[in-house]
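Below: the structure, in C-alpha cells.
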Amino acid sequence: MTNFEESINNLSDDDVKVRKQAIESLVGITDEKAIEPLIKATTDDNAQVRFKAAEILGNMGDVAVDKLIEEFNNAEGKDKRFIAFALKETENEKVIPYFVEAVNDEDFGVRKVAVRALGELQAIDELDTIAKCLEDEDWGVKLAAIQALGDLATDESIKLIKDIRKTEDDKDFKKSCNKAIKKAEKRQKAKASGETIVKVIPMSTIKEMEKTNPQKAIKEYERYVEAKQPKDAPYKRLCILYRKANDYDNEVRVLETACEVFKGNDKKLSYFENRLAKLK
C-alpha cells in the first residue's frame, strides 16, 4: 500500500489522531482520487479535520470544482458550510450562480461564505444580490456583504456602503464600513492608473503557511508574480517551493518573470539570472 492510499484509508480511522495525521499528509495533493474521500472528511466529527479537508479541496482548484458543486447542491447546514468554503477557495467563476442561490440558504454560515465569495470572485453583475445581504438578520452576513461590496470597488458598491453606514449606530460596524470604503477607493485609484489589481497577503503570513499548507503558499506567492510586484522575496520562495516539488517548468517561468521585473536592478537581477543559467 502506498503512502497516498494509506492516508486515504486513515481518514476513516476511529482514532482522531490518526485522522489528523492523515489529513495533514494530504496537504498539497492534486490527485482526483482524493476528492471524494476529502469531501467525506468535511463531515468529520473533528473541526480541524473538516476545515483542513475543505482547505485542501479548495486549493485543488479546477480539478475538484465540479464534484464540489455537486456536493454543494446536496449538502445542508454545517456540512454545507465547509463545502462552500472549499468552493470559494477554488476561485473558479463557474461557482458564482451557486453562491447567488446560496445567499438565501437557511444556514447563516453558508450565506456568509456565499456573499463573501461573490465579492472575491468580482461578481459585479450580482451587485443587487450582495446588497440584499445587507438586510440579513445575521450580523456576520451583513459584515460579509460590506466586505464583498468593498471587493467590487465600483461607484455603486461604495455608495451602498456609505448609505448603510448612515443607518447604523454600532461603532464597530461603522469601522468595517470605513475600512471597506478605503479598500475600494484604493482599488479604484490603482485601476485608474493602469495597475493590475491583485489581492495579496503579507509575506510573513505566507512564509508561515509554507509549513502547514505549501500548496496554498504557492498560490499566494503567485499573486505577487502575477502583479509583477518589485519584491524579490516571493519569486525566491516560489523557486524554492517549485524546486522541492521537482516542478522545472514553473521554476523557469518564475525566474524568467523575475528577470523581466528586475531588469535594471543589477543586484537583484543577478540572483535570478544565475539561477536560471544553472537550469538551462
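The values are calculated or read from the model by the stated rules, or taken from the named source; none is laboratory data. On a predicted model such as this, the values are computed, not experimentally measured, just so you know. So basically every Cβ, Gly included, is an ideal-geometry build from the backbone, and we count neighbours across all protein chains shown.
Laid out as a table, the results:
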item	result
Residue among Asn73, Asn59 that alone is crowded, with 23+ Cβ neighbours inside 10 Å and assigned to a helix (DSSP H, G or I)	Asn59
Residue within segment 135-152 that is touching an Asp or Glu at 6+ places or on another chain (Cβ under 7 Å), closer than 28 Å to Ala34 by Cα and assigned to a helix (DSSP H, G or I) present	no
Selection count where residues are in contact with a Pro (Cβ under 8 Å, 6 or more places away or on another chain) and small (Gly, Ala, Ser), scope segment 159-203	0
Residue check for Ala53: farther than 29 Å from Ser157 by Cβ, of a type in the set (A, V, I, L, M, F, W, C) and surrounded by 15 or more Cβ atoms within 10 Å (Cβ to Cβ)	yes
Candidate set: segment 1-33, residues that are under 20 Å from the mean Cα position of the chain (by Cα) and crowded, with 18+ Cβ neighbours inside 10 Å; chosen: the one farthest from Asp247 (Cα to Cα)	Ile23
Number of the exception - Glu251 against (1) under 18 Å from Ile206 (Cβ atoms); (2) assigned to a loop (DSSP other than H, G, I, E, B); (3) not aliphatic (A, V, I, L, M)	(2)
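Okay, residues lined up against (1) free of Cβ contacts under 8 Å to residues at least 60 places away in the same chain; (2) not assigned by TED's automatic domain parsing to the domain that holds Leu241:
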site	(1), (2)
Lys171	yes, yes
Lys174	yes, yes
Lys183	yes, yes
Pro214	no, no
Ala217	yes, no
Arg223	yes, no
